[in-house]
Structures are given as structure tokens and as C-alpha cells.
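Asker: One structure is given below, represented as C-alpha cells, and several questions about it will come after.
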Amino acid sequence: MLNFLRTTVLLAALTAIFMAVGYFVGGTSGMWVAFIFAALTNLFAYWNSDKMVLRMQNAYEVDPRTQPDLYHTVEVLSQRAGVPMPRLYVINTEQPNAFATGRNPQNAAVAVSAGLLRYLEPREVAGVIAHELAHIKNRDTLTMTMTATIAGAISMLAQFGLFFGGGNNRDNPLGPIGTLIAVIVAPIAAALVQMAVSRTREYEADKDGALISNDPLALASALNQISQIAHRTVNIGAERNPAQAHMYIINPLNGQRMDNLFSTHPNVENRIAQLQRIASQMQVDSTGRRYQPRDGGPGRNPHENGGGWRIPSTGASEDGNSTRGPWG
């Protein structure tokens, strides 16, 4: 119920921004046209935004044949999380990162980048997967995916109004100035709505992901690794579609790592500190083992199979290089 209420409030806020842009661009008639367009966008986003996001982020689907170890890890962690096995994708970028999408746990997908599989250890990859499964379990994916779609549409509508000079409509009391205000303010307002939700949900997914994997320090190590590499590695899909940046586990856009009002993600150091506190409470050390094993010791982690993840030899990164990993 809480997730449904949060999604409803979020979509209402974005729809209101949409209508405001329509009003400043085309007056009263423009407002109602924007309302109809927003309703259609919401409907489209609910059913199709996950497919659109995956396509925009250069992701391709993999299976047990092409990614056996990765698939097995997702399968085991999905059982722990109590969610159906999601569809599994690899993003064609060397930047280590990941996100989850889908309107509900029954129609979810997890996407990890080729760079994540290349640079991170199996334990760290498992921690990232657990984080994304927490988003699916908490039904954050619908909110985050629809927000990305609608926020992008708001920016497009504002730019459209500026280009065609819609502020000349006599129903608009501010005229061209109103259009200019809409172009500047609306995308910022939509981004703030995104950030307010995203930053809160990242902390929650870190906590729940740590409990799913039973290895909070592996996730902490993964966040540290990703943040160090991501800011110096361009993710072309994310740069072309910045409205989708909040979906990733770490901000994929260069130069946006500060924990301030305009950051889509919490500060990495703060997230790591939270995971360290959770590890202390769980009595788990840096190897993923409990300090004081009970009932025969800790359960077997999915990454304890002695293997890594192999990048499919048929994949190619965005710069044309092979995405074959060190285990391939």
C-alpha cells in the first residue's frame, strides 16, 4: 500500500508539472492537451517503459547458456529474496554499473554492465545483484522506470514549446516569458522529484540487499569500486538519456558524485558507512563469514562455487571492442 501511495503521489506531481508546462506553452488549451498527453505517457510507461529503457541503455538479454554463473547467482539470490527469477540483461558499456526495471516482480529485469562483470569480484557482483533484487522486491522499479520516462517527456515538451514559440498564446498571461520559465523550471522540478525518491530508495535497497546476500561488506566494496571507475568511464547510453540516471546503483553521469540537492544518488561514503554498521550488527566479516557461526556456520553463498562470470564472446562494447571478461 505504501509503495502504491508513493507511486500515485509521484505520478500526480509529474502530471502537474506536465500540465504547468502545457499552460505556459499553450494556455488553457495547452494545459488540457498536456494532461491528455501525460495520461497517455503514464499508460505507455506502465506497460512499455522497461523495454524502452533497456533498449536505450544498449542492453541485450542473456540466459543460462551464455552466462551460466551469473544466471545461477541471480537464481539463488532471487529465491532468498522471495521474488520470481527476473529476466537478465548485460549492458553494452565498460562502465561498471547495474539497474533493475519492470512494472512488478513478475515482469522484472536486472541489467548489469559488461564493465561490472569485468572489474568486480564474484562476491561484489553478487552484492550488486542483491541490491537490485531488493528494488524489485520493494516494487521500486515501477516508480523509478515511469519517473525516467515522464521526466524525459517533460523536458521534451518544454523544449518543443520554446522551439515553436508557444508562449505567444493569448491564454498564457506571461507570454514568451512563461514559456522560458517552463523550459528552465519544469525539467529541474521533475529532476527534484526523481532525486527525492531515488536517494531514499537507494539506502533502503542497500540495507535489504545486504540482508538478501548476507554479505554487506561485499556490496560496500562493490559500491567503492564502481564509484571509482564510473566517473572516469563514459556510459554512452546514460549520457544520451540522463533522465534514466537515477535507476543505476551508482550515478552513471560524469561529474555528478556530490551528495547535495541535485544529486540523484546518496554519497557513496555514507552508503558504505551504513553497510559497515549492518555488517557489525550481523557479525559478518570482510570475507562474508560470521564471527560466531551458529547452527553449523553460515549458509553457502552463491559466489562460493569457485567460478566467475564469462562475458559472451558475441557481445561488443560501445567502442567496438570485445566484451570478453577475464574468465572467458
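The values are calculated or read from the model by the stated rules, or taken from the named source; none is laboratory data. Source: prediction; values computed, not measured. Here the Cβ is made from the backbone with ideal geometry for all residues, glycine too, and neighbour counts use every protein chain on show.
Asker: May I ask you to verify whether ARG201 is basic (Lys, Arg), part of a helix (DSSP H, G or I) and either modelled with pLDDT of 70 or more or within 26 Å of LEU11 (Cα to Cα) (or both)?
Answerer: yes
Asker: Further question: Condition test on ILE181, is it over 16 Å from the mean Cα position of the chain (by Cα), surrounded by fewer than 18 Cβ atoms within 10 Å (Cβ to Cβ) and modelled with pLDDT under 70?
Answerer: So ILE181 passes the test.
Asker: From the list THR8, THR41, which residue is in a helix (DSSP H, G or I), surrounded by fewer than 18 Cβ atoms within 10 Å (Cβ to Cβ), of a type in the set (Ser, Thr, Tyr) and at pLDDT below 75?
Answerer: Going through THR8, THR41 in turn, the sole match is THR8.
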